[in-house]
Every structure is written in structure tokens, then in C-alpha cells.
Amino acid sequence: MTAALLDRVATSAERLRSHGTRLSPSLAAAAFVLVVVGTNLPWATFSGFPGLMSLALYPAGSRIYVLALAPALALVAVRFSRRRQAGLAATLALLAVVVQTIIAIARDGGGLVNVSVGAWVTLLGALLGVAAFVALPDDGAPLPRSWPVLPALVEALAVVFAVAASLALLVYALDVEAPSQFVGFLLALGGGLVALNRLGLFEWLGALYARRQALTLVLMAAAAVTFPFTQGGSSYWLRVAANVGVFAAAAIGLNVVVGLAGLLDLGYIAFFGVGAYVAALYGNAGLGPSRGHLPFLAVIVLGALVSGLVGVLIGAPTLRLRGDYLAIVTLGFGEIFHTLVNTYDAYTGGPNGLSNIPDLRQGSFDFGLPHTVFGVELAGFANYYYLELVLVALVMFVFARLNASRIGRAWVAIREDELAASAMGINTVSYKLLAFGIGATLAGASGTVQAHVATQVSPDSFVFLQSVFLLAAVVLGGMGTVPGAVVGAAILIAVPEKLRAFSDYRLLLFGLLLVILMRFRPEGMIPSRRRQREFHDADGADALSAPPGSAVA
Amino acid sequence: MPLLEAQGVTKRFGGLQAVSHVDLTVEEGEIVGVIGPNGAGKTTFFNCLTGMETPTSGRITFRGAPLPSRPDRVTVAGVARTFQNIRLFHNMTVLENVLVGRHTRNRTGVLAAIGRGPRYRREERDALDTARELLQFVGLSPLAEHLAKNLNYGDQRRLEIARALATDPGLLLLDEPTAGMNPNETAAAVDLVRAVQARGVSVVLIEHDMRFVFGLCDRVAVLVQGEKLVEGTPQEVQSDERVIAAYLGRP
Amino acid sequence: MQQFFQQLSDGLVLGALYALIALGYTMVYGIVQLINFAHGEIFMVGAFGGYTLYHYVLPSSLPSGIALLLVLLVAMLTSALLAAFVERVAYRPLRNAPRLAPLITAIGVSIALQESIRLFYPNGSVGKPFPQLFPRGTVDLGGVTLTYVDLFVISLALVLMLTLRTFVFRSATGRAMRATAQDPDTARLMGVDTDRIIVITFVLGGLLAGAAGVLQGMIASPIDFKIGFIAGLKAFTAAVLGGIGNITGAVLGGFTLGIVEALATQYVPNGSALKDSFAFVVLVLVLVFRPTGLLGESVRSRA
């Protein structure tokens, strides 16, 4: 029964495709008209649904996202483009936004009767749109591998535009209040990004970045510095951003271990914990046995050193193990750290941890207080945000420099083939230990800041799940790349913050994310060129375009 | 003083005597072949010479000093090798593969790599120069930016040799360098090994291809069932009845 | 002395449980070289399967012997099906991916399964009292007290392990399994359907894990969505201790670990607070000093 039905669908899709070239533009045109009309009609019969959904001729809320994806249809309608893969991604996302919004309206309004005509018209348009792209024949020839080199000024403008657009998108996203609308936004954004990626935009941007590295870095730094000024004195997102910074710095450290040296460390959070406890015990909280206070810079260095030392002590006996054994042993050490801190509570506070860690002070500068810069008041967390920015920049710098050196090459060689690496004269054990120690050092440094940002440390912040969280940030962003870990950490921290309404499902989604990621995009969002080739066997003639020794792999 | 001297090298795995009491001497500038039927212990003997296995007993010296017992130290000492089943760093470029070979000859540490001081820059430049020169030498310059795994078989073998030469070896051990090659590629391999010799690097090679070995080597040793049966010039070995018997079976 | 023997026998009971779960790890690792991180959750879901049957399906008038049998069967089937499902959906597509990929996937599966039970099982965040279907009572063996349940746990575990051994070493499928473990490519050339063998391996591991789930419920009620994590790690430790890939080793490792844990809890100061750490200490020590485990053969690196 079902099989027969599926067969039928398959044959009609086949037939559709054989007429596709002729049929698609008309289908797409109809779909485009329906979508435009539909988004200008009311979607809900009741007022109060986010995005003024009951108003006509006012496409706000999720309707904007639908409209933003509609150009994909228009391009096919006017026979400008026939990119099936990209178009399919865009229209499927469009359909998903419509369906998700209809469900949300029906849920809020108490039934499908409260979904108004505009939504149904748009849904019909979305379905036609998907059909239009299904009907197209396959893409045929791939996009040109090498994008043209444009005049310097044009390229520079493109970089400026890309960075500005990212910042604007970020600020907009943080401003979307309603969870249902935010889900719509994520769906549209995801679909849009996949579509643009399939058009080769990001490959081009990557190449552009390689050519205009200095400019891009300056602009990104400028965008990051500007961010607190967009927050109107509110501290909410600055606190989140400071947290992103803390975890990003740690994630980059983990990226040295996992992404470069290929060692899976599942107890990495323990090093972070060591740093946090060092800060709580010897920082200005002075909770340690000596009740002493160290200046903050000394605390960062101390936390980093102690953590690095622990890393080396743990690594020395275990790094001879094969990869997956190592993973489990590190997990074991992570759990042992947790148990020890929990059990021996003379100084650690046991399960309650240590709380009331005061804000940082440097001279007369109190990190907890708001400050006014250029006439704009910045909330207290802006100070931590900027501190983190410096730390992350520093860590990124270290990562990039190591990656591009003899040391980075040795790590990658070990990851690729340990025996061959040793035949090249690389002392594999000591290089693995070095990666492990550097990872632990960076985690310890960011842990010291974490203690102040969170104002407390407790053993339950340093459990296996947190290690997996950092690992997920690395994997999601892209193993072995500099910006990858930052992007991964940002997404994994900011998105759940927006989706508090679904916070109960956070871990479930997180687990599924790992599975889906490994299945469909194991190289992450910002893949290192190397990794991308590793996961997707490319065919013969693909020279890497970046010159060797460029800072970013 | 011979370059490499192995005396009474024996390797046992449990009850199995894979190599027993093998002596081998390599003089500066020589090409020496080690042949023998499958399972004769050639690769195990090779592994002993490269620190990948520790001999159960016996003595190996290189340039008069005892050979270290770890592969990376052996390479540092000046013995490089290739593998029977090619082991390149597949997802690195051809050039990067050779650069990894320069590893031991440079000293850049963590701080120097982060700070990019004059030493780092000098060493990176030297490494790049050497690597480019070696790629030129083996004829892979046009493919420098390709991924190693995308090279064809013969080129992968060449790359492995370039990578090994990048470690500045005094002695290069080739484990079946012509396995899987067609006659044209084999002929090119003969030239390449000669060219390696001309660079002042001695070569020991394990091979199955008799014609290749006898046409190329100054001296040939025959291993059978873990023991050295004969050693001598290609002519001597070719006409030795024991060798013929070992290969063709006793009548 | 008496206390020592009491701890020893408690350790045997614990060890039987670890051994059953460890077998799943060791078989899967032997065949596909994957640490099936989600195996602990497969064990946990099995326990929930058995609980569901008893709580929602079986009439309360059913004699407890029959009920126990049915609970056991359903738990084993639940775990086996789940294991096969996970293999098919999550691991098989990654068969040729770089090594880290399936391990990260396994972690994801493990988290997703835990959370699925917590969120979607009726009142899933709360522990469930496992039905006690076995007659209560104790036997006194020279001062050492064992409950009937203890004896049942040990004997059922032994029976299952012997059955598995017979299957693996006597049946044609078992031979195919061992061949695949030795060399999958050659096995395929010899006509072994390795995909099928891999599924069977997961199913066998699942069956044992499901049984272990019921036994866990019997000796340590209530069950909740978290029991799989620690149990899984300990069982993995047991598998490594015995020499991973080695079936006899897993059993030996399981019992050794159970006994070590029971003794250490008693005799190490602050032992009960540190209870869950002993396994990790054992794991680290074994891997550092004898990475091949108690029965593992030394594996030569492929040169």
C-alpha cells in the first residue's frame, strides 16, 4: 500500500523532471506570486501573535523570513538561475518556516481555525516552490572552482559588507523576542546559509579571507569591539557574550588537542575547573588556605600553569594509548577530578562549591561596575566581555601561529599517521604531550576568568557533559580551524539562551545535533581545508589554493 | 668504518624466530639489496634497523654508534625509511609532507613559533627551500600543492622518498620501492635510486623484483627463513645454487 | 575476615552485572573497533522496557515467575532492537569515516537516549521502583549472607555468558563473527555478509545488556534515566581490563572490577563517597601498565 504510493510519487517526480526545464519557471512564478501575496495577507485571526500576524499588507515577523527566501523562486521564474541544490535548500527552509509558524499560530490561538488565509496561501506557494525545484534537472556542471580575483577595492568592500552583515544579523537575532519567531528565524537562516553555500559563496569568502586576511581580521575585531555599544546599556547579552568568550577560549585550547593533534579528550573540562578553583582560592576572593590575594594577572598565569602541569602529569602516562582508549581515560580523569573536588571539601567547599567570588579589580577599575565610554554607558559585563575578547584574541593568535609552524605540522602528521610521523623523526609522545599541555594551559587560563564571570565555582560545572559541550563547540565550528571554535561556542551558548522556552529539550537537541553533524557535516561550519578533504573524498585535481604557511588552515 | 653494521641480529616473536643471527654491513655510498621469499623476515629485519622493533639480541651500529631503539631517534641519527604499504600524510599537501620531513633538522620551539623571531623565519625559509629542491629532485614540483592522497601510485612512492630524504639521512632504507609499479615506473625508480646514491646517501632496499635488484645493487644479501643464506655481488648471488633452490624449491 | 568474604560475594554480584554489559562493548569493539558509548543507555532503556511491560501491560494476577520471565524477555528484546536501530541509523553511515566521528556520534546517541527517556517516558525524570519478582530470602554461607536475588543474578549471568560463548565458538554465525573481527575484508571475500554480522553483534550485545538492565533493577531498584552512564563506563572498564575484543576477558574483567570495587568501598578511607572513582583508577592503571588487558594478546603495530 505505502510502497505502491511511494512508487507512484517517484514516477510522477520522474515525469515531472523530464518536463522540468519547461515547467519549472512557470511553477516558480506561480509560487513566487502566491508567497508574496500570502505574506501580505493576515496569517492569524487573532491579534497578539508575535509579528503582528493579524495585519494585512504588513509582512512582519516570520513573514519577513519567508519573503527573504522568496528571491530563489524569482530567479528561476525569470530563467536567470537553475541551481537545483541551492534552490531546494531555500524553498525547503521557506516551507519549514511556514509550517512551523502555522503550528505556532494554531497552538497559541487554540486550533487551526485561527490560522488565517495568508498562511494557507503562502503554504500553497511554498509547496509549489518546492515542486518547481524538484522538477529541475540536477545541477550538472559544478560551479567554477576558482573564483575570479576582483579589483582590490571591490574585494575590500565585499569583506566590509560581509562583516557588517554578520554583525547586523547577530544584533537583529538577539533582538527577536518571541521564541516561535526565533525558531522561524533559525530555520530561514539555516536554509539561506545552505543555499548560499551551495552557490559557492562561502568558498569565495574563504578565498577572499585568505587574500585579505589583515583587513578581515581588523574588521572582525572592530565588529567585536562595537558589539557592547549596540546593547543600550543592557547587560543581558553582554553576560552571554562574556560566557561565549570564556568557553571559546577553552574550546580553542581543546581544538589544539582534538583538531590538530587528533587526540580526543573527554575530560577537558577538568583543566578548566582547575583554573576556576585556582582563581577562587588565590584570587581576590582569597578563599584559599593562605587567605592571600594575588593580582589578577598573576592568577591567570598561576591557573594556566597549574592546569598545564596537571595536564602534563595526566598526559605523560596515558598519551601512549591509542585514540579511543585515550578518550575514555581522559573521561575517567575528568570524573575523578569531579569526585575529588566533591569529596575532599576542606577548601573546595565540597558539593556546594565556592560562591560570592567578587568582581575583578585592577587598580581602581572595578569590572563589576558600568562605565561610560564615548558618552555611551556600557553595562558592567562589558568589562568582562572586553577582557574575554583580549583573551580569545590571544588564544587565537597562539593557535594560528602554532598551527602554521613546524609544531603544527608535526601534530597534523601524528594525527594522520603516527608511525609515519615517528619515522620522520617526530617524537610522537612528547608532541602529543605538548598538545595536551597547551590545551590544558589555555583551559586553565579561561577557567580563572570563568570563576569571576560566574561569581562561583562548583563541582557540577565541571562534569562530563561540559567536556562534551566544549567538544561539540569544536566540532560544530570546525575541527582544526581558528574561528571554528569561537563560532561553535557562540552558537551553543547564545541559541539556547534565545530558546529558553524549550530549555527542557536543550540536551536532547544537543545530543541529536552531534549525531546529525557527524553524519552530514563532520567538518563543521568553518571547515579547515584539510578536514574538508578528509571527510569528503574529493576527486583528483584539487590543489589547495591557500599558500602553505598561511596563518589559517 | 662502515656506515651501518648489523651483527647477529635476532628477533623472536613468542616461539617464532623471525630473524636469526643476520649480519649486514653497508659501506658509505653503497646500494645494498636484501631479497628473499615471502615471510623470510626481510621486513622484520628492516624494522630492527629503523627502531620499530627492538632486536631480541644482536648489535646494530650506525656511524660507529649504537643505533637508538626508537624510530624517531633512528631518524635523527640519520637513517630514514619508506614503507612497503605507502604511508604518506594523506590530507597534507605534497609540499607539507616534505616539510614534515625537515622536522628533526629544525629547532623552532613553541615560543619561537608564536613569536616568529628571526630563527623561525630562517628555519621556515630553509625548510621550504629544501623541500622545493627535493620535490624538484623527484620530479613532483608541479604537484606541490596537491593533496598527497590524490597522487598516483608511482608519484606517491616518489613523494615518500622525497619526504625521507628531507630528514638528511646518511642511509635510506627502501621497503619494496617498486611493488605495484609498471615497467616504465620501475625503470624510473632505478634512475631515482641511482640519483639518491649520487647525492651521497647510501641505500638498502628490500625487493622482490630480481631484475631491479641485480641491475641496481652493489651487493645483495639473501634472507631465507630468517637467516642470511648468501651475500655477495649480484653475479655471485645469481649463480649461487642455494639461492636458486630457495626460490625455485629444491628438486 | 567474615566481612571480607561478604564484600567478596557482593563484588561477585556486581561483577556479574558488569560482565554482562562489558560483553556488548567487547564484541562490538572486536568487530568494528568502536567504543559504543551508547551501550550503557541501551542497558538503561532495556530496564525501562522491562519495567514498562510489568507496570502497564501485565495483569497483576500473573504468577511472579512468569512475569519475571516475560519482563526479562521484553527487556532483552527492547535493548536488542534499540542496539540494531542505533547501529543502522547512527554508526553504519560512518563506517569509513575518520575514527573520531563514530565516537562523537556515540556520545550524541548516549545523550539523546538519556534525554528521550527523561522527557518522553511518563514522569521520566523520577526513579522507578523496579518490580521485585523474585522470592525474598537469604542463604547463610558460613557467615556470608547472600539473598536469593544475588544467587539468581550470578547464575543467570553465568548461563547467558555460557550461551554466548557457545554461540560464538560453535555456531556458523559465530565463526563468521570471529572471521569478521579478524579481517573484515577477507571475511567479505569469503562470502560473509559483514553488514549482517555487525548487526547480529549489536543485537547480541543488546540482548545481554537488556538482561543486565533487569538484574540491575532487581539488585538496585529504583531505575532512572541516568543508570546507564556510570554502569556503561564501568562495564567498559571491565572490557578493557579483560582485554578488549576478548569475550572471556570481558567476563573476567567484569568480576575482577566488581570485586575490586566492593573491597575498595569497604577498605579505602572515605570509600563509599569515592565508590564510582575506583573503576576509573583501575582503568587508568590497566591502560598504563598493561594496555592489552589481562587476557589480551600483545598487538603488533602494523608496519
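One table, with the values for the structure above:
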| quantity | calculated |
| --- | --- |
| Options B:233, B:178: the member that is in the same structural domain as residue B:35 (by TED's automatic domain parsing) and within 29 Å of residue B:75 (Cβ to Cβ) | B:178 |
| Answer residue from the stretch B:104-125, given it is in a loop (DSSP other than H, G, I, E, B) and under 20 Å from residue A:414 (Cβ atoms) and is nearest to the chain's Cα centre (by Cα) among those | B:106 |
| Residue in the stretch A:369-391 that is in a helix (DSSP H, G or I), within 29 Å of the chain's Cα centre (by Cα) and without any contact (Cβ under 8 Å) to a residue 40 or more places away in the chain present | yes |
| So residue C:134, is it part of a helix (DSSP H, G or I) and open to solvent by 50 Å² or more (accessible area, probe 1.4 Å) | no |
| Filter result for residue A:275 (at negative phi and open to solvent by less than 20 Å² (accessible area, probe 1.4 Å)) | yes |
| Residues being crowded, with 24+ Cβ neighbours inside 10 Å, more than 7 Å from chain B (Cβ to nearest Cβ) and among the β-branched types (Val, Ile, Thr) - total across the stretch A:412-437 | 1 |
| Only one of C:91, C:51, C:25 that is under 27 Å from residue A:513 (Cβ atoms), touching a Pro at 6+ places or on another chain (Cβ under 8 Å), open to solvent by less than 20 Å² (accessible area, probe 1.4 Å) and among the hydroxyl-bearing types (Ser, Thr, Tyr) | C:91 |
| Residue match in the stretch A:80-91 (condition: more than 13 Å from residue A:192 (Cα to Cα), open to solvent by 10 Å² or more (accessible area, probe 1.4 Å) and assigned to a helix (DSSP H, G or I)) | yes |
| Tally of residues being surrounded by fewer than 24 Cβ atoms within 10 Å (Cβ to Cβ) and either facing another protein chain (nearest Cβ under 10 Å) or farther than 14 Å from residue B:101 by Cα (or both) across the stretch B:149-166 | 8 |
| Residue check, residue A:476 out of contact with any strand residue (DSSP E or B) (no Cβ under 8 Å at 6 or more places or on another chain), more than 18 Å from residue C:99 (Cα to Cα), part of a helix (DSSP H, G or I) and within 13 Å of another protein chain (Cβ to nearest Cβ) | no |
| Test: residue in the stretch A:230-249 that is buried (at least 17 other Cβ atoms within 10 Å of the Cβ), within 14 Å of chain C (Cβ to nearest Cβ) and in contact (Cβ under 8 Å) with a residue 40 or more places away in the chain | no |
| Helices (runs of 4 or more DSSP H) lying entirely in the stretch A:290-366 (those with 1 or more residues that are crowded, with 16+ Cβ neighbours inside 10 Å, at pLDDT 80 or above and more than 10 Å from chain C (Cβ to nearest Cβ)) | A:296-318, A:323-343 |
| Residues of the stretch C:187-209 that turn out to be closer than 30 Å to residue C:71 by Cβ and either touching a residue at least 12 places away in the same chain (Cβ under 8 Å) or surrounded by 17 or more Cβ atoms within 10 Å (Cβ to Cβ) (or both), as a count | 13 |
| Matching entry among B:176, B:231, B:227, B:236 (being closer than 22 Å to residue B:97 by Cα and modelled with pLDDT of 85 or more) | B:176 |
| Residues within the stretch B:57-103 that are over 17 Å from the mean Cα position of the chain (by Cα) and in contact (Cβ under 8 Å) with a residue 60 or more places away in the chain, tallied | 4 |
| Boolean, residue B:78 is closer than 28 Å to residue B:238 by Cβ and modelled with pLDDT of 90 or more | no |
| Number of the exception - residue B:3 against (1) out of contact with any Leu (no Cβ under 9 Å at 6 or more places or on another chain); (2) open to solvent by less than 10 Å² (accessible area, probe 1.4 Å) | (1) |
| Number of the condition not met by residue C:212 [criteria: (1) in contact (Cβ under 8 Å) with a residue 24 or more places away in the chain; (2) open to solvent by 20 Å² or more (accessible area, probe 1.4 Å); (3) touching a helix residue (DSSP H, G or I) at 6+ places or on another chain (Cβ under 7 Å); (4) more than 14 Å from chain A (Cβ to nearest Cβ)] | (2) |
| Complete set of residues in the stretch B:32-66 that are over 14 Å from residue B:221 (Cα atoms), of a type in the set (A, V, I, L, M, F, W, C) and out of contact with any helix residue (DSSP H, G or I) (no Cβ under 6 Å at 6 or more places or on another chain) | B:48, B:49, B:60, B:65 |
| Residue count, the stretch B:43-98 (criterion: of a type outside the set (S, T, N, Q), facing chain A (nearest Cβ under 8 Å), in a loop (DSSP other than H, G, I, E, B) and touching a strand residue (DSSP E or B) at 6+ places or on another chain (Cβ under 6 Å)) | 1 |
| Those residues of the stretch B:99-130 which are of a type in the set (S, T, N, Q) and either open to solvent by 30 Å² or more (accessible area, probe 1.4 Å) or more than 9 Å from every other protein chain (Cβ to nearest Cβ) (or both), in sequence order | B:130 |
| Matching residues, the stretch B:202-246, being closer than 14 Å to residue B:34 by Cβ, open to solvent by 30 Å² or more (accessible area, probe 1.4 Å) and in a helix (DSSP H, G or I) | B:210, B:214, B:246 |
| Considering residues of the stretch A:210-242 that are assigned to a helix (DSSP H, G or I) and polar (S, T, N, Q) only, the residue nearest to residue A:496 (Cα to Cα) | A:231 |
| Single condition residue B:15 does not satisfy, out of (1) of a type in the set (Gly, Ala, Ser); (2) without any contact (Cβ under 8 Å) to a residue 12 or more places away in the chain; (3) within 12 Å of chain A (Cβ to nearest Cβ) | (3) |
| Test: residue in the stretch C:108-118 that is in a helix (DSSP H, G or I) and within 29 Å of residue C:185 (Cα to Cα) | yes |
| Leading residue by the ranking (nearest to residue A:70 (Cα to Cα)) among those in the stretch A:25-49 that are within 33 Å of the chain's Cα centre (by Cα) and open to solvent by 40 Å² or more (accessible area, probe 1.4 Å) | A:32 |
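The values are calculated or read from the model by the stated rules, or taken from the named source; none is laboratory data. Only a predicted model underlies this, so the values are computations on that prediction, with no experimental measurement involved. We place every Cβ from the backbone using ideal geometry, glycine too, and count neighbours over all the protein chains shown. Quick note on the areas: whole protein, heavy atoms, side chains included, nothing else; ligands and nucleic acids left out. Shrake-Rupley method; radii C 1.70, N 1.55, O 1.52, S 1.80 Å.
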